[in-house]
Amino acid sequence: MLGRVERRPATDAEAAALASAVRLRIIRLTYDRAMTNKEIAERLGKDPATTLHHVRKLVATGFLEAQPARSGNRGAREIPYKSTGLSWRLAKDRGPLAAETGEAVLQAFLGEVAEVGPAAVDQIRLVVRVDRAELKRRLRSLFDELAAEPAHPDGERVAIYLALYPGD
């Protein structure tokens, strides 16, 4: 089993960048494949100028990295962007923008589920009485282990959303 990922608090600029559902979706889309701004805009159903604003903010804060330029369909120069994985190495649940970031994570999840449809979502629901801190530690450890593993060559690309909330 791999060790726990060391997290640091997000800077104000990083926290602000993560407080956007659109930017969180861009980070997810580019996690294992580079995409151009045009490709990102098409996937999100947004105007390219709007996504470019978000892409630039993510590049400026270190969440996206420009890849080598390539030629597009008509020979135009295109710059693909890929996630750096920084978002996983930050402690996002504290600080002045924690509520905004939490809302953005939820909205990104809801947008992604709307895109694929509820039938494509494997859901598990459980109410238990546990030591919440220990449960979070164990789940985080599992997520850290999954994040550190190399991509399985034949593996399916999946996203995982986990929410712990009061069961009352």
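Side notes on the structure shown:
- In degrees, nearest ten, helix 132-148 long axis to first principal axis of the chain (Cα): 30 degrees
- The stretch between R132 and V113 holds 4.2 nm of extra length on full extension. This uses 0.36 nm per residue minus the Cα-Cα distance.
- Sparse-neighbourhood loop sites, trypsin sites (Lys or Arg not before Pro) in the stretch 1-62 - DSSP loop, at most 12 other Cβ within 10 angstrom: R4, R33
- Distance in nm between pseudo-label sites at V121 and E42 (7 Å out along the Cβ direction from Cα): 2.7 nm
- Using C-alpha pairs below 8 Å separated by at least 6 residues, the relative contact order for the stretch 1-148 is 33 percent.
- In this rough spin-label picture, where each label sits 7 Å from Cα along the Cβ direction, the A147-W88 distance is 0.6 nm.
- For the stretch 23-122: rounded, prolate or oblate by the Cα gyration tensor [a/c cutoff 1.5]: oblate
- Matching label, log10 I(q)/I(0) by the Debye sum over Cα atoms at q = 0.16, 0.19 Å⁻¹ computed from the structure shown, candidates (i) -1.10, -1.49; (ii) -0.87, -1.06; (iii) -1.02, -1.34: (i)
- Computed over neighbours whose Cβ is under 14 Å from that of V55, the net charge equals +4, Lys and Arg +1, Asp and Glu -1.
- Of the trypsin sites (Lys or Arg not before Pro) found in the stretch 77-168, those that fall in a DSSP loop while having at most 14 other beta-carbon atoms within 10 Å are R94, R125, R129, R157.
- Protein heavy-atom surface of the stretch 16-168, 1.4 angstrom probe: 53% of the accessible area is carbon and sulfur, with nucleic acids and ligands not counted.
The values are calculated or read from the model by the stated rules, or taken from the named source; none is laboratory data. Remember, predicted model here, so these are calculated numbers, not experimental data. Every residue, glycine as well, gets a Cβ built from its backbone with ideal geometry; the counts of neighbours run over all protein chains shown. Heads up: the accessible areas ignore ligands, DNA and RNA and are worked out on the full protein's heavy atoms, side chains in. Shrake-Rupley method; radii C 1.70, N 1.55, O 1.52, S 1.80 Å.
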